2 protein chains.
Amino acid sequence: MTVPQMAEIAALVGDPARATILSTLFDGRALTATELSFAANVTPQTTSGHLAKMTQAGLLTVLKQGRHRYFRLATPLVAQMLESIMAVAASAPPRYRPRTAQEDRLRLARTCYDHFAGILGVSIADALCERKHVILSDDGGEVTESGRAFLNDFGITLATRTRRPICRHCLDWTERRFHLSGVVGAAITTRCFDLGWVRRERNPRALQITPKGREGFRRSFGFSI
Amino acid sequence: MTVPQMAEIAALVGDPARATILSTLFDGRALTATELSFAANVTPQTTSGHLAKMTQAGLLTVLKQGRHRYFRLATPLVAQMLESIMAVAASAPPRYRPRTAQEDRLRLARTCYDHFAGILGVSIADALCERKHVILSDDGGEVTESGRAFLNDFGITLATRTRRPICRHCLDWTERRFHLSGVVGAAITTRCFDLGWVRRERNPRALQITPKGREGFRRSFGFSI
DNA sequence: CTGACGCTTCGGTGCCGCCCGAAGCAACGG
DNA sequence: CCGTTGCTTCGGGCGGCACCGAAGCGTCAG
C-alpha cells in the first residue's frame, strides 16, 4: 500500500505553517529559510524543522549559497499537487472569509507558479478565447493561427515544430474559472514583466499592475483592469 | 488568505485512516460507513467522525438509503487531488517498501476513479499509442480516425460532435507512466467489464484479469498480461 | 581575531486530535 | 412490539507534534 506515504505527504501540507511556506514558494521562486520563517510567522528554529521535513520528503530542494540556504519546490509535480488541493479548498466549503485588503490584492493579480492568476489571469484567458486566439477544451487548449500571429505581434514566438503549442488551462482558485498556464501562460507573463506592465509588490505573491500595464492590457487585450 | 483552507483540506487527507478511506473510494464507488470502517481498520465510531469531517469539508457526499449511508467522493476534483498527491508520494521518497502479494495484485490491475490503472492501464495506453490510435501530447491526447474506428469495432462509439474526443492521460503512481483517463479511458474500462475480461477481487480496488481477458487483450490490443 | 548573521540541534511544554467504550437513535424484520 | 443492524454522539485517555528558549556551528565582514 502506498497509502501511508500519501498520508505522510498530505500531513506535511496539512500544517498551517508549512502550508504557508509551500504557498509562498508556489510561484517557483527560491527563498531563504529566514524569509520563509517570516512568511510563516514562526521562529527560525521551528521553520528549520519544517523545511527539513519537507526537504526530506522530497517536496523541497535546497540550494546552498554562502551562508544562505535557498529553498524551492522540488518539482512541478509538487506545484501541481498544491494547485489541485487549492482547487478543492476553494470549491468545497462555503465557510466564512473575512476579506482583507491584502487578500483583495492577491485576488486581483498574482503569479501561479510561472504564469498569471487572479482576475488578471482570467481576463487574459477570456480575451484570447473570445477572439478565438486560443480554443480551450475540457482538458487543455490549443493556439489557433490567429493566436500565433497575435502572440508574435506581442513579442512571443512559439516553436512551430510542436504538434500543438503547449497551452494548458489551470483552475483559478479565487475566480473559479480558467486562466492560461503551460508554455503560453508563462511566455505571456514573462513578456508582461519585460514590458513593465506588472511589478512585484512588497508581498511577493501579489502583483502590482502599472499604469502602463493598464493601458497595455486595454489596447492589446481589450479589457480594463 | 485561502492558505488555512488549503491546510485544512490537506490535513484531512493527512490522517492514515482517512487517507485509506479516500483511497478506497478513489475508483468512484459508493460504500457504506461500515464497509469503510473495515477498510480503514478502525471502529465504526471513529470512522463516523472521519466521514462527518470529510463530508463537512466537501470531500465526500453521502446518499441515504434506508438505514445505510453510502459515501463517495464529492467531485472529480477531489479524485484529481488525490491522484496528484499520490503522484508526489510515489515520486518523492525512496523509502523502504515491503512488497506484499496484495500490493503486486494492485500493481497489476486496478481502477483509478473510473478507468484502468496499473500495468493493465499503461499497457492499453501504450498499445493505442503505438498503433497511432491515440496521440498523447504533453497535457492531453486525441483520438485519431483509425482510433475511432478501432474503438467502434471494440464496441465503443464516441460522440462525433465534440471538437476533440475527451481523452486525458493520467500519471500512473505505480508505473510512473501514463494511462488513459477521460471519456475514452472510462469507456474502455466499462466495455472490458461488460465483456467479462476483468472482475473485481475480494479487495475491491484490485482487479482480476480473466483468462478470456488475457486472450482478448492479446488479440485486440496485442499485449500479453 | 572578534563580532554579527544565518541556520541548526536539543530539551521541555502545552495542546490538539485520534481512538475506543458506552450509550442513544433510527430503520428494518419478524 | 422487541431484537438486530447501521450509524451516531458523548466522555475520557493518551500519544504525537508544533512551538519556543537556549545553545552550538559554519560563514562572512572588518
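Remarks
- With respect to the conditions (1) at pLDDT 65 or above; (2) more than 30 Å from A:GLY58 (Cα to Cα); (3) more than 8 Å from chain A (Cβ to nearest Cβ), B:ILE135 falls short on a single one, namely (3).
- Selected residue (criterion: farthest from DNA strand C (Cβ to nearest atom)) from residues of the stretch B:50-64 that are facing another protein chain (nearest Cβ under 10 Å) and without any contact (Cβ under 8 Å) to a residue 24 or more places away in the chain: B:GLY58
- Some residue of the stretch B:68-77 being within 12 Å of DNA strand C (Cβ to nearest atom) and either modelled with pLDDT under 90 or part of a helix (DSSP H, G or I) (or both): yes
- Complete set of residues in the stretch B:63-77 that are under 19 Å from B:ALA33 (Cα atoms), open to solvent by less than 80 Å² (accessible area, probe 1.4 Å) and under 20 Å from the mean Cα position of the chain (by Cα): B:TYR70, B:PHE71, B:LEU73, B:ALA74, B:THR75
- Selection count where residues are within 14 Å of another protein chain (Cβ to nearest Cβ) and hydroxyl-bearing (Ser, Thr, Tyr), scope the stretch A:65-85: 2
- Among residues of the stretch A:2-30, those that are at the interface with chain B (Cβ under 7 Å from one of its Cβ atoms) and more than 18 Å from B:GLU8 (Cβ to Cβ), counted: 4
- The residues of the stretch A:11-28 that are within 10 Å of A:LEU82 (Cα to Cα) and more than 11 Å from DNA strand D (Cβ to nearest atom), listed by number, are A:LEU22, A:SER23, A:PHE26.
- Matching residues, the stretch A:29-53, being open to solvent by less than 20 Å² (accessible area, probe 1.4 Å) and near DNA strand D (Cβ under 9 Å from one of its atoms): A:SER37, A:ALA40, A:THR47
- The one condition in (1) free of Cβ contacts under 8 Å to residues at least 24 places away in the same chain; (2) surrounded by fewer than 21 Cβ atoms within 10 Å (Cβ to Cβ); (3) away from DNA strand C (no atom under 12 Å from the Cβ) that A:SER91 fails to fulfil: (1)
- Residue match in the stretch B:18-40 (condition: without any contact (Cβ under 8 Å) to a residue 24 or more places away in the chain and away from DNA strand C (no atom under 16 Å from the Cβ)): no
- Residues that are crowded, with 21+ Cβ neighbours inside 10 Å and of a type in the set (A, V, I, L, M, F, W, C), drawn from the stretch B:13-25: B:VAL13, B:ALA19, B:ILE21, B:LEU22, B:LEU25
The values are calculated or read from the model by the stated rules, or taken from the named source; none is laboratory data. Fair warning: this is a prediction, and the values are worked out from it, not measured in the lab. Methodologically, a virtual Cβ is constructed for each residue, glycine included, from the backbone with ideal geometry; neighbour enumeration extends over all protein chains shown. Heads up: the accessible areas ignore ligands, DNA and RNA and are worked out on the full protein's heavy atoms, side chains in. Shrake-Rupley method; radii C 1.70, N 1.55, O 1.52, S 1.80 Å.
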